[in-house]
Amino acid sequence: MKRSVPMFVGSLSWVLLCSLASDGQGYLTRTESNLRRLATKTVMPDYPPRSAKNRATGVSVTELEINEAGNVERVDVLQAPDEYIEAALINAISRWKFEPSMHKGRAWRVKGKLTFYFVVERGKARVMNPKFPAQAR
Amino acid sequence: MKNLRDRVELAANIIIIVTVLVCGGILISRYVPGGKRGNDAGRSLRAGANIEMQGVDWGSSHKTFVLAVAPGCDFCAESAPFYRFLSSAVEKNEHLRLIAISPDSSNDPEDYLRQIGVKPNEVKKVSFKAIGIRGTPTLLVADPKGAISKMWVGKLNEVQEAEVLSELRDYEPLVRMTVGDLRRAIESGRKVQIVDVGGRETYAEGHIPGAKNIPADELEARAPQELSAEYPVVLYCGCRNDDLSEIGARILKSGRSDAGNVFVLAGGLEAWKAAGMPKTSKELSKYVQ
């Protein structure tokens, strides 16, 4: 009992120190149109045949974290028509590359979202990028 | 030996406790409002407060942008391209005005503003300390009563620049729709697109029947595909003061040719519930003629 208290307190302080250290890095949040403009390599997700066959259609939204060098470090699928599409999204978006985001003289980590539409029309399955206001009619 | 071990243990405990106290202090200073983290400037002058500047008639324009700059300020120079854009945009709009303020100790603020290419409607020398500005650049938006509605301190990032631009677009207030208006629209069989601009979790916890969930930060990408330009869009959130709905409405209005067809549901989800409105689509369908 006598030793468990300092051990608990020690662990707590370690967690606090880690949280302070990671918070110090900071990141920029970019809108999707800006994020796409910064992309130097894009990979469209495949439409998994099983999903197309099951008519799993609709919007998918992923949240990604990009490191200072412009590489994708983390992809979270926030919304997708099914789990096969989720896997296809992670596979494709992990391979995207971006220009480093410079601000105040240094490169920053970036967070942002990417949207895709999985559509089946006249028996043909395709994946579409969103239309942004400037492109929309 | 035992004595030594006890002493070491005591010393370790003291070190751990001190570390925890230091960490706690840093966390509090960072996350508790009024803490010292970040830019210290603007702590006393904040959104909602009134800005006191002699000789300024706030009521002479719908919105007044107040830009605090100081010669020699690096961030002011770095931000100059955006401020140039802001001043040229304000110049074209009779409802808006830009006042540049500089510390009363500065020699020739007009010359400095000319150098960085910013053309405000007025230039004033004021005591930053007296009005509560403690850093440059600081950009404020004041309403016709001189109350600060928005405030940004330091060099603006991309999101903050977008916020400023939305202030330019929306000098006219957003059109609000009451729950009663919405109810009447639904009852009359008018097609209305109701959008919950909150997060997925809050939407899952409860939403207006028939509402589509598009979080505010996804509207730019998703609205052109998922919302029809033919029918009115009513945005709501479960947040305080309809903040997210207003941000969403501004994003939506900037991308639509029929910007007048975008409404904010006053009071959001809470107002809907308080009015005893239906909780399910089945109940709601009874309202439609």
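The values are calculated or read from the model by the stated rules, or taken from the named source; none is laboratory data. Only a predicted model underlies this, so the values are computations on that prediction, with no experimental measurement involved. Here Cβ is always computed from backbone atoms with ideal geometry, including for glycine, and neighbour counts include all displayed protein chains. In case anyone asks, the SASA skips ligands and DNA or RNA and just uses the protein heavy atoms, side chains included. Shrake-Rupley method; radii C 1.70, N 1.55, O 1.52, S 1.80 Å.
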Taking the stated definitions as given, is B:Pro144 farther than 24 Å from A:Gly105 by Cβ and surrounded by fewer than 18 Cβ atoms within 10 Å (Cβ to Cβ)?
yes
Residue count, segment A:110-126, condition away from chain B (no Cβ under 13 Å) and surrounded by 14 or more Cβ atoms within 10 Å (Cβ to Cβ), comes to 2
Quick one: what pairs do we get from segment A:122-135, first residue over 15 Å from A:Ile85 (Cβ atoms), second modelled with pLDDT under 85, C-beta under 6 Å, 6+ apart or different chains?
A:Pro133/B:Gly255
Failed item in (1) more than 14 Å from every other protein chain (Cβ to nearest Cβ); (2) under 20 Å from A:Asn34 (Cα atoms); (3) touching a residue at least 40 places away in the same chain (Cβ under 8 Å); (4) open to solvent by less than 30 Å² (accessible area, probe 1.4 Å), with A:Gly70 passing the rest
(3)
Restricted to segment B:182-229 and to residues being surrounded by fewer than 16 Cβ atoms within 10 Å (Cβ to Cβ) and over 29 Å from A:Val61 (Cα atoms), the residue modelled with the highest pLDDT is B:Arg184
How do the pairs read when you match residues in segment B:216-232 that are more than 7 Å from chain A (Cβ to nearest Cβ) with residues anywhere that are among the aromatic types (Phe, Trp, Tyr) and surrounded by 19 or more Cβ atoms within 10 Å (Cβ to Cβ), using Cβ under 7 Å and keeping only pairs 6 or more apart or on different chains?
B:Pro232/B:Phe263
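For (1) open to solvent by 30 Å² or more (accessible area, probe 1.4 Å); (2) of a type in the set (Val, Ile, Thr); (3) without any contact (Cβ under 8 Å) to a residue 40 or more places away in the chain, each residue gets a yes or a no:
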site: A:Tyr27; (1), (2), (3): yes, no, no
site: A:Arg36; (1), (2), (3): yes, no, no
site: A:Ala56; (1), (2), (3): no, no, no
site: A:Val61; (1), (2), (3): no, yes, no
site: A:Ile85; (1), (2), (3): no, yes, no
site: A:Ala92; (1), (2), (3): no, no, no
site: A:Trp96; (1), (2), (3): no, no, no
site: A:Pro100; (1), (2), (3): yes, no, yes
site: A:Gly105; (1), (2), (3): yes, no, yes
Given (1) open to solvent by less than 40 Å² (accessible area, probe 1.4 Å); (2) at pLDDT 85 or above, number of the condition B:Gly35 does not satisfy:
(2)
Just give me the residues in segment B:89-114 being more than 20 Å from B:Trp58 (Cα to Cα), modelled with pLDDT under 85 and out of contact with any strand residue (DSSP E or B) (no Cβ under 8 Å at 6 or more places or on another chain), in sequence order.
B:Ser105, B:Asn107, B:Asp108
Could you tell me how many of the residues in segment B:175-215 are small (Gly, Ala, Ser) and part of a helix (DSSP H, G or I)?
3
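Being over 23 Å from the mean Cα position of the chain (by Cα) and either open to solvent by less than 20 Å² (accessible area, probe 1.4 Å) or among the β-branched types (Val, Ile, Thr) (or both) narrows it down to one of B:Val66, B:Val118, so name that one.
Working: B:Val66 fails: over 23 Å from the mean Cα position of the chain (by Cα).
The match here is B:Val118.
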Taking the conditions exactly as written (under 30 Å from A:Thr31 (Cα atoms), modelled with pLDDT of 85 or more, hydrophobic (A, V, I, L, M, F, W, C) and touching a Cys at 6+ places or on another chain (Cβ under 9 Å)), does B:Val153 satisfy them or not?
no
Can you go through B:Asp74, B:Asp104 and tell me which one is charged (D, E, K, R), in contact with a Phe, Trp or Tyr (Cβ under 9 Å, 6 or more places away or on another chain) and either more than 23 Å from B:Gly132 (Cα to Cα) or free of Cβ contacts under 8 Å to residues at least 60 places away in the same chain (or both)?
B:Asp104
Of B:Leu98, B:Leu113, which residue is closer than 20 Å to B:Glu167 by Cα, touching a residue at least 24 places away in the same chain (Cβ under 8 Å) and open to solvent by less than 50 Å² (accessible area, probe 1.4 Å)?
B:Leu98
Quick one: would you say A:Thr40 is over 30 Å from B:Val159 (Cβ atoms), at pLDDT 95 or above and among the β-branched types (Val, Ile, Thr)?
no
